[in-house]
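Heads up: the structure comes next, in structure tokens.
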Ligand SMILES: *Cc1c(COP(=O)(O)O)cnc(C)c1O
């Protein structure tokens, strides 16, 4: 294989890039630039702020009453937790195999992330392990719809109900997915979205808290805006649109108007992009399924009426690959096809970026309480070592190019097993 830069420039066809712009996105950004209002704390420019309109548009896309945009997905988690009143001394169940922000957000509000092992077939939180992890201090379940899976929302809703816990959905990887006809993010009490660069809907950075609970939405607005919320009065051009309520201690975790403009225009492309990824994913899954020792890990529950495809995790059996683990196989395929294939992160009890023991503002006892050494995550540990993932933008390519991934994997398998 030739090295990347040269072949990138000479190849007529590349993998689709991500994120993608469009004339509508560019027009939308220019409109905001010219409006003279770049932040919600700016003066009314003769219309509702983009942030407010995007929050409403995304809420109605989902089917909830309120959408509160925030600076990023981690801020969405912090705001959701604080809106629920979760803080020092509380415990929150967090899946053990997930991006570090899910646990660090819980620790940041002073609560303890209880790391729960995952389900082998979906990579989402294991119901049995969650049930066993509920204790006296548990206040919430942070349920993550990971990669291309939707977690069993019926079972987790029932568990939350039975044990008196709040169900928080983390939908950072599942924009537009649906469970029994309802979009994910509408079933838990509150949900968090991220619009970071890699996500299915993105403005580079961004996030949103969704809920149908009026009190939680009011809290979320104040928590993201230094205690301010949108005025209920008609805005007056040249004057502020925010009321200084201050019944909560908030912080500035606001989304800029430019980000909201990108998101409003991008939201209109999401369903089409999801449909293209879906069609290509099914074809690719069939092709991968013919290979020995290869499986795609995603929840195939028929109650998922609309799957989405963020990263597609491919699990390999090292015995069918001359003993090579998933990461090595992924790297070899990546070389062949000229596309970066991310490995699955290690579980949070072995993740180099999850270091609650390094929080300077907690005392020794608090840090000890957060110690990851207390958690055993055998399934997460085993599965993560033998997976690599295919990014969603690859699934926007023409079908024959997508099928090239399966051909490359077959080729890698032949060369590794005949060594
Ligand atoms: C990306 C991600 C986050 C964090 O979002 P940021 O916008 O990067 O802060 C949280 N949870 C999950 C599951 C994610 O994938």
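Points to keep in mind about this one:
- Tilt relative to the chain, helix 73-83 - C-alpha long axis, 0 to 90 degrees, to 10: 50
- Protection proxy ranking for 317-326, 168-177, using the average of other Cβ atoms within 10 Å per residue and placing the highest first: 168-177, 317-326.
- Among 85, 238, 96: highest mean-square fluctuation, GNM of the chain, C-alpha pairs under 10 Å: 238
- Average Cα contact separation per residue, the chain, under 8 Å, 6 or more apart, as relative contact order %: 20
- Placing a label point 7 Å from the Cα of residue 360 along the Cα-to-Cβ direction, the residues of the stretch 106-127 whose backbone N falls under 17 Å from that point are 108.
- Antiparallel content of DSSP bridges confined to the chain, in %, to 5: 65
- Principal axis analysis of the Cα atoms in the chain yields extents of 72, 53, 41 Å, listed in decreasing size.
- Gain on full extension, evaluated as 0.36 nm per residue between residue 155 and residue 33 minus their Cα-Cα distance, stands at 39.3 nm.
- Unit Cα scatterers, Debye sum, the stretch 97-188: log10 I(q)/I(0) for q = 0.15, 0.16 Å⁻¹: -0.54, -0.61
- Build a GNM of the chain with springs between Cα atoms under 10 Å apart, and of 240, 343, 356 the one that fluctuates most is 240.
- Choice from 311, 392, 351 with maximal GNM fluctuation in the chain (Cα, 10 Å cutoff): 351
- Here the spin labels are modelled as points 7 Å beyond Cα on the Cα-Cβ line, and at residue 233 and residue 88 they lie 3.9 nm apart.
- For the chain, the longest principal axis of the Cα atoms and the long axis of helix 257-289 meet at an angle of about 20 degrees.
- Full-extension gain in nm, residue 305 to residue 399, via 0.36 nm per residue minus C-alpha separation: 31.5 nm
- Of the residues 415, 149, 28, the one with the fewest other Cβ atoms within 10 Å heads the list, and the complete ranking is 415, 28, 149.
- Long-range Cα-Cα pairs in the stretch 190-243 (distance over 18 Å), rounded percent: 49
- Whole-Å distance, taken between Cα centres, linking the stretch 183-201 and the stretch 70-128: 14
- Share antiparallel - DSSP beta bridges, the stretch 161-240, percent rounded to 5: 65
- Label-to-label distance, nm, for residues given as residue 53 and residue 369 (7 Å Cα→Cβ offset): 4.6
- Dividing the helix sum by the residues of the chain, where each DSSP H run of 4 or more adds -39500 (n - 2.57), gives a mean residue ellipticity at 222 nm of -12000 deg cm²/dmol.
- Three semi-axes of the equivalent ellipsoid, the stretch 309-419, Cα gyration tensor, whole Å, largest first: 35, 17, 10
- Remark: the stretch 281-359 is approximated by an ellipsoid whose semi-axes, taken from the C-alpha gyration tensor as √(5λ), come to 25, 20, 13 Å, largest first.
- Exposure proxy for 22, 417: other Cβ atoms within 10 Å of each Cβ, ordered fewest to most, give 22, 417.
- Note on 156, 309: ascending count of other Cβ atoms within 10 Å places them as 156, 309, the fewest first.
- Quotient of C-alpha Rg and 2.2 N^0.38 Å, computed over the stretch 146-256: 1.24
- Spacing of the two label points (7 Å from each Cα toward its C-beta) at residue 197 and residue 295, in nm: 3.4
- Between the Cα long axis of helix 23-35 and the first principal axis of the chain there is an angle of about 30°, rounded to the nearest 10.
- The Rg/Rh ratio of the stretch 242-298, with both radii computed over alpha carbons and Rh defined as the Kirkwood radius, is 1.34.
- Entry note, the stretch 130-266: relative contact order of 16 percent, from Cα contacts under 8 Å with a spacing of 6+ residues.
- Relative contact order of the stretch 260-419, defined on C-alpha pairs under 8 angstrom at six or more residues apart (%): 33
Read-outs: derived from the displayed coordinates by stated rules, not from any lab. The structure displayed is predicted, hence computed values, not measured ones. Here Cβ is always computed from backbone atoms with ideal geometry, including for glycine, and neighbour counts include all displayed protein chains.
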